[in-house]
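We did not get these values from a lab; they are worked out from the coordinates using the rules stated. Please read all numbers here as calculations on a predicted model, not as lab measurements. Note: ideal-geometry Cβ built from the backbone for every residue, glycine included; neighbour counts use all protein chains shown.
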């Protein structure tokens, strides 16, 4: 019995196409799941060094919750250089924005009235001769892509402290930007898909 020499490469190509489609579907559904089921937190943006204002078609965003004061860290700091990730308890502040109430290199227990966000992984190294006064961490929401030519408005609002971001946080602490507003007026709202 002879087999067609085209069957094997055709099967391999179909299998690769299916795997790529499944992976893309997973990425899209993962983001949509956070937007569909997460908890909203409104974040205050802070100005960014003007040399990094615009790189192509996205705006660089920095948040006050990205700076973790050392006195907010419970459970101590790692004693050796290591790959790390932080859990950060966010609580609503009197001004309506959410701020850092507590942070840990370990797991934080959920409490009513708060949301626990997870930082993106980062490399932590301790410096015994100069103790940490604060940590700068990212949450994976530091870039926002906009249509070409529309970044300047967001940059100016960000630098004037008029830009706010509503991010949605899921049960695993992952964040996605849901809404961008200037002076409380929605400008961009993210669709699920």
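Mean residue ellipticity at 222 nm from the helices of the chain, using -39,500 (n - 2.57) per DSSP H segment of n ≥ 4 over the full residue count, to the nearest 500 deg cm²/dmol?
Numbers: 2 runs with 40 residues, N = 193.
Per the formula, -7000 deg cm²/dmol.
By what distance, in whole Å, do the Cα atoms of the chain stretch along each of the three principal axes, largest value first?
Here the Cα extents, ordered largest to smallest, are 76, 44, 38 Å.
I need the calculated FRET efficiency for the pair residue 37 and residue 93, taking r as the beta carbon distance and R₀ as 22 Å, to the nearest 0.05.
Numbers: r = 24 Å, r/R0 = 1.10.
Plugging the Cβ-Cβ distance into 1/(1 + (r/R0)^6) gives 0.35.
Mind ordering 148-154, 115-121 by average Cβ neighbours within 10 Å, highest first? Kindly include the intermediate steps, with their values, before the conclusion.
On the way: 148-154: 14.0, 115-121: 20.4.
Ranked from most to least packed, the peptides come out as 115-121, 148-154.
How do 15-23, 176-184 rank on mean C-beta neighbours within 10 Å, highest first? Could you put the intermediate results ahead of the total?
Details: 15-23: 10.0, 176-184: 17.1.
Going from most to least packed, we get 176-184, 15-23.
Semi-axes of the equivalent ellipsoid for segment 102-193, please: Cα gyration tensor eigenvalues, times 5, square-rooted, ordered largest first, whole Å.
So the three semi-axes of segment 102-193 are 29, 19, 13 Å.
Can you tell me the FRET efficiency between residue 24 and residue 187 if r is taken as the Cβ-Cβ distance and R0 is 30 Å, rounded to the nearest 0.05?
Details: r = 28 Å, r/R0 = 0.93.
It comes to 0.60.
Kindly state, to the nearest 0.05, the FRET efficiency for residue 171 paired with residue 11, given R0 = 35 Å and r defined as their beta-carbon distance.
0.35
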